[in-house]
Every structure is written in C-alpha cells, then in structure tokens.
Number of protein chains: 2
Amino acid sequence: MQNTNSYYAVIFTSKNTDNTDGYSKMAEQMENVAKKQYGYIGFESAKETIGISISYWENLDAIKNWKENSAHLFAQEKGKSDWYSWYKVRICKVEREYEFGDLGLSN
Amino acid sequence: MQNTNSYYAVIFTSKNTDNTDGYSKMAEQMENVAKKQYGYIGFESAKETIGISISYWENLDAIKNWKENSAHLFAQEKGKSDWYSWYKVRICKVEREYEFGDLGLSN
C-alpha cells in the first residue's frame, strides 16, 4: 500500500441480509474497479458478525469520484435493495500511523 | 454508539501468528477495560485473513490515555511477543458519516 503524506480512509461497516445472491461476485468486481480509480491507495476487509471494509484514498476528490462511479452506483443500489440491512460509512483523515512486524510478501 | 460533533477512529489491522493461546480472552478483557476509559465511544471488529478492529474515541487525549493504560500496555507486549506477526495502527479523524437501514436492537 502506497503511503503519501496525507490520505483518507473510508470505513464501511455493514450487516448483511440473508440474501447473498451475487454479493461475493459484486464485491470482487467493485474491488477491481476501485483499484483503477484515480487516487486509490488500498483496500482491507474482514467479515464476522459485521462486515468491515476499509478503502484508502489520496484525497476527498478521489472518494467523491469513486462514490459517483457508474458501476459503483449500481452496486450501491443493489446493496440497499438486496444485500444490506444496515451499513454505515465514515470518511476519515488518517492523522498518524505506525506499524509492527512484517506483513509478508504474499499479502 | 454515541456520536458527538467530532470524534476519532483508531483502525487496528493485524495478522496473527499460529499462537492463539490466551488471545481471545485477552481481546475480551481489553474490550471490557476500554469501555470504562474516558472518551470511549465504541468498538467494532471482524477477522478473516486479516483482523480489523476499530475503536472510536472522543478525542486524541482519550486515545493516548488508553494507549498508556497499564493493562493495555501488558496486552500490547504480549501481542508483539506472541500473537501478532504484523499490525498497523492508524489514528483517524472522522470527518463525515452517513448510515443506511437499521442495525437492530440486539446489536
């Protein structure tokens, strides 16, 4: 993950409905489309009781641009109609960070 | 989760080692101790390939105070010696947020 002086994190926390039709495929597609967007830095996600997905962006413009991407708009609508009973989006400025250990080359 | 005008998110992403002895118990203890700290707002976590834990705090002082809590310092040392091969901590200011649907009373 590239790390410029200042960047943003979009925290997406969610609860899914029982309907998982097409969800994984769409999630994978969206990750692939996001990667090609201007200002994209990286992506992390994990799911247990709730899902947490965090995408990292160079600036607020890049976040706005991604939010308005047509494929992403379609996914957002499907998310609200089919897959999510709840979600929350937080747009955050990363002010400080530090790291321990080695993530490993394969990750 | 209480929501004041401005608040912070601490994003903790991690990869675990194969050693899980005492890990879940410690994680549960830390969540209970954190809840009693000044400025604590809430906590969310999920784990798959990586673990993502996000704690929410009223201000940077509260985050510093929690980082220096003695029980938490002990847990941090155990984390580095035993449980984590990698982690990254990002301290973020939540600048904007929005929500969809209903999380449900039981959550």
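Bear in mind these aren't lab numbers, they're just calculated from the coordinates by the rules spelled out. Predicted, not measured: the structure shown is a model, and the values here were computed from it. Every residue, glycine among them, receives a Cβ derived from its backbone with ideal geometry; neighbour counts consider all protein chains shown.
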- Computed over the protein assembly as shown, the Cα gyration tensor eigenvalues, each multiplied by 5 and square-rooted, give semi-axes in Å (largest first) of 28, 19, 19
- Run the dipole for the range A:18-78 about the Cα centre, Lys and Arg Cβ at +1, Asp and Glu Cβ at -1, nothing else charged, and hand back the magnitude in debye, nearest 20. 160 debye
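Per residue, what volume in Å³ does the convex hull of the Cα atoms of the range A:7-101 enclose?
Normalising the Cα hull of the range A:7-101 by residue number yields 110 Å³.
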- Query: How crowded by other chains is A:45-57, given as the mean number of beta carbons from other chains within 10 Å of each beta carbon?
  - Reply: 5
- Taking the Cβ-Cβ separation of A:LEU73 and A:ASP18 as r and a Förster radius of 30 Å, what is the calculated FRET efficiency to the nearest 0.05? 0.80
- For the cross-link pairs A:LYS78/B:LYS47; B:LYS15/B:LYS93; A:LYS15/A:LYS88; A:LYS88/B:LYS36, which exceed 21 Å when the distance is taken from alpha carbon to alpha carbon? A:LYS78/B:LYS47; B:LYS15/B:LYS93; A:LYS88/B:LYS36
- Message: Quick check for me: using +1 on Lys/Arg Cβ and -1 on Asp/Glu Cβ, what's the dipole size of the protein assembly as shown about its Cα centre, in debye to the nearest 20?
- Response: 300 debye
- Within chain B, helix-based [θ] at 222 nm, where runs of 4 or more DSSP H residues each add -39,500 (n - 2.57), nearest 500: -8000 deg cm²/dmol
- Cβ-Cβ cut-off under 12 Å around B:LEU103, Lys and Arg +1, Asp and Glu -1: the net charge is -1
- Note on the structure: Output field shielding_mean for A:77-89 (other chain Cβ, 10 Å radius) holds 3
